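The structure appears right after this line, and notes come after that.
The values are calculated or read from the model by the stated rules, or taken from the named source; none is laboratory data. This is a predicted model, so every value here is computed, not measured. Neighbour counts are summed over all protein chains in view; Cβ atoms, including those assigned to glycine, are modelled from backbone coordinates with ideal geometry. Surface accessibility is based on the protein's heavy atoms, side chains included, excluding ligands, DNA and RNA. Shrake-Rupley method; radii C 1.70, N 1.55, O 1.52, S 1.80 Å.
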Amino acid sequence: MVTPRYLAAACTWLCAAAFMPGIASAQAAAPRAEVIHWWTSGGESSAVQQVAQAFRNAGGVWVDSAIAGGDQSRAVTINRIIGGNPPTAAQFNTSKQFTDVIEQDMLNDVDLVARAQDWDRILPQPLIDVIKHDGHYYAVPLNIHMQTWFWYSKAAFDKAGIEREPASIDELFAALDKLKAAGLVPLAHGGQSWQENILFSALLANIGGRELYLKVIRDRDQATILSPRFREVLLTFKRMKSYVDAGSPGRNWNDATAMLIAGKAGFQVMGDWAKGEFTNAGQQPGKHYGCIPGLRADTPYLMQGDVFVFPRTDKADAVKAQQLLARVVSQPDLQVTFSKLKGSIPVRQDANAAELDLCAQKGIEIIKDRTRQAGVTEVYLTPDQNGAMQDILTAYWNMDIKVDKVQRSIANALKY
């Protein structure tokens, strides 16, 4: 039992200790990092606490600045840099969203850590292409998310009489037809533009393979965008709508996942963060739900991930904290612990994945093959290009628009 007398004694000791020269100087000397991030959901918050504790264990002082929403969080970071009051570090994604920040010389590089750990050799190339500019590394990657997993409910499969996972586009539609015939929602879809973009990316990657995907998204090749092969992808994307229920418009992604958890829907195409919803519901991969990273043996693994960037500063104490955080974040053990809670996989391919679930281990096995590595659309397209294509796809999904017009619109949007 804690008594008033005990509390008074404890307070007296703590107050005295705060003014002890040795303790005060040790605290003052500890690298102090204010970190802005948008990991605010339950699972995300638990994951970032692993990073914070690892930083403390390394002797640092973590000052948490969580801001809900990626766009808002990035905007605050940039405004504070411009205003002369930058945080020590900030979360970004592996995409072109911080290219302007690098080009305007707003970030310190992390070359010391990158060279010490030989990032040129151990990191996947699509991530290197984003975070390395003019020979310098400007971000520390923490994890890899894959956007285009096919999740399925085993209960729904049983009810529909589906005996095995589909291994091709034709088998996927056969399974969707069986689910519809069984009175289930074949495809749980959240009718929001970013979710439609993910569904489209999944079809582009699985119908066209890595070659067509990169020709369209990375190279923005006009002839390819206007080709019959790309037209086939668009028609297949539109065909998927016939398997979506009427409640889809405006639905959040996690509500769509809940339809699988309840056994009311068969499939959902979504990033690996969906695993957090299954886990919170007490479901296990392989037992209650399944995960398919691709429908063909060479389907590209579309990567995106979380990184920390370090705003430009010459202050020695801030640089010391930045370097310490960079070393902590890039440790494989921390990346495994973080990914277990976040649903992702470690960036470091030398990490021990034995503790991760079977879906994560599928992903890790795939990215060992560099020919299957590719970035998500935001890795190759500027925010304006990506936004324009997303708007076109959403309009096509929701309205009666001829596919020829959609092809021309995408070609024009990605021309420059």
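In the stretch 328-416, which helices (runs of 4 or more DSSP H) lie fully inside it and hold 1 or more residues that are among the polar types (S, T, N, Q) and in contact (Cβ under 8 Å) with a residue 40 or more places away in the chain?
In the stretch 328-416, the matching helices (runs of 4 or more DSSP H) lie at 332-342, 377-380, 383-398, 403-413.
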* For Gly375: the one exception among (1) under 18 Å from Lys96 (Cβ atoms); (2) surrounded by fewer than 22 Cβ atoms within 10 Å (Cβ to Cβ); (3) touching a Leu at 6+ places or on another chain (Cβ under 9 Å) -> (2)
* To do: With respect to Val101, determine if the residue is modelled with pLDDT under 95, closer than 29 Å to Thr337 by Cβ and open to solvent by less than 50 Å² (accessible area, probe 1.4 Å).
  => yes
* Asked: With Asp158, Asp134, Asp170, Asp118 as the choices, which residue is under 27 Å from Ile392 (Cα atoms) and surrounded by fewer than 15 Cβ atoms within 10 Å (Cβ to Cβ)?
  -> Asp170
* Structure fact -> Exception for Gly276 within (1) modelled with pLDDT of 95 or more; (2) surrounded by 20 or more Cβ atoms within 10 Å (Cβ to Cβ); (3) not in a strand (DSSP E or B); (4) not polar (S, T, N, Q) falls at (1)
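Looking at the structure I just gave you, is Ile401 open to solvent by less than 20 Å² (accessible area, probe 1.4 Å) and β-branched (Val, Ile, Thr)?
So Ile401 does not fit the description; no.
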* Counting just the residues of the stretch 79-96 that are under 19 Å from Thr382 (Cβ atoms) and open to solvent by less than 50 Å² (accessible area, probe 1.4 Å), which one comes out modelled with the highest pLDDT? -> Phe92
* To do: Report yes if some residue within the stretch 245-261 is closer than 30 Å to Ala413 by Cα, buried (at least 17 other Cβ atoms within 10 Å of the Cβ), in contact with a helix residue (DSSP H, G or I) (Cβ under 6 Å, 6 or more places away or on another chain) and among the polar types (S, T, N, Q); otherwise report no.
  => no
* Restricting to the stretch 46-77, what's the tally of residues that are open to solvent by less than 30 Å² (accessible area, probe 1.4 Å) and closer than 15 Å to Gln335 by Cα? -> 6
* Counted residues, the stretch 363-373 - those being farther than 22 Å from Leu334 by Cβ and under 18 Å from the mean Cα position of the chain (by Cα) -> 3
* Structure fact -> Arg210 meets each of (1) at pLDDT 95 or above; (2) in contact with a helix residue (DSSP H, G or I) (Cβ under 6 Å, 6 or more places away or on another chain); (3) not aliphatic (A, V, I, L, M) with one exception, condition (2)
* Structure fact -> Picking from Ala202, Ala156, the residue that is assigned to a helix (DSSP H, G or I), touching a strand residue (DSSP E or B) at 6+ places or on another chain (Cβ under 6 Å) and closer than 28 Å to Ala413 by Cα would be Ala202
* To do: Output yes when any residue across the stretch 240-262 is in a helix (DSSP H, G or I), more than 22 Å from Leu302 (Cβ to Cβ), small (Gly, Ala, Ser) and within 25 Å of the chain's Cα centre (by Cα), and no when none is.
  => yes
* To do: Output the residues belonging to the stretch 287-322 that are free of Cβ contacts under 8 Å to residues at least 60 places away in the same chain and more than 18 Å from Ile364 (Cα to Cα).
  => Asp314, Lys315, Ala316
